[in-house]
Amino acid sequence: MTPAMIVATMGGVGRLRPGPGTWGSALVLPLAWAGPLPCLLAATLFTFAGLWAAPRVLGTGEDPGWFVADEAAGMALALGALQSVSLEGVILAFALFRLFDIAKPWPVSWADRQPGGFGVMADDLIAGAMAGALLIAAQMAGLI
């Protein structure tokens, strides 16, 4: 396996079935217990790594299920919104991120249509930001 493929599949996690995107998202959940800053740093690392890997492994710029560096980046971004970690908060972060990633409401759907590695990564980063915004609101309201 090439280094770019290792990054793209997050060490092979993208080859797991069913639901490789769900597995890719779940892979980074333990980062939540490291705190917001490490989650945001990890999101940045996964983003740059994914942008590096995408043109090396994707032929036409499509987003195949096995490419999960984007899910790792988006999920880590959502987790970065958790100011205090609880199991409920992590589950909510996961559920919101996967909901936005799968349903693709605007602007996630817009980003999903963009070409190349940018589009592959951007839709998940926007889904992660949207999940993060709702998590911040839920924390401010005392719901989590």
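What follows is calculated from the coordinates using simple rules that are stated; it is not laboratory data. Since the model is a prediction, treat every value here as computed from it, not as a measurement. For neighbour counting, all protein chains shown are included, and Cβ atoms are generated from backbone atoms with ideal geometry for every residue, glycine included.
Observations on the model:
- Those residues of the stretch 17-41 which are farther than 19 Å from Asp123 by Cα and crowded, with 19+ Cβ neighbours inside 10 Å, in sequence order: Leu31, Ala32
- Filter pass, Pro64 being without any contact (Cβ under 8 Å) to a residue 24 or more places away in the chain and closer than 21 Å to Ala137 by Cα: no
- Against the criterion of being within 20 Å of Leu16 (Cβ to Cβ), over 12 Å from the mean Cα position of the chain (by Cα) and of a type outside the set (Asp, Glu), Ala133 does not qualify.
- When the stretch 64-118 is filtered for residues that are of a type in the set (D, E, K, R) and within 11 Å of the chain's Cα centre (by Cα), the ones remaining, listed by number, are Asp70, Glu71, Arg98, Asp101.
- The set of residues in the stretch 74-122 being acidic (Asp, Glu) and over 25 Å from Ile144 (Cβ atoms) consists of Asp112 alone.
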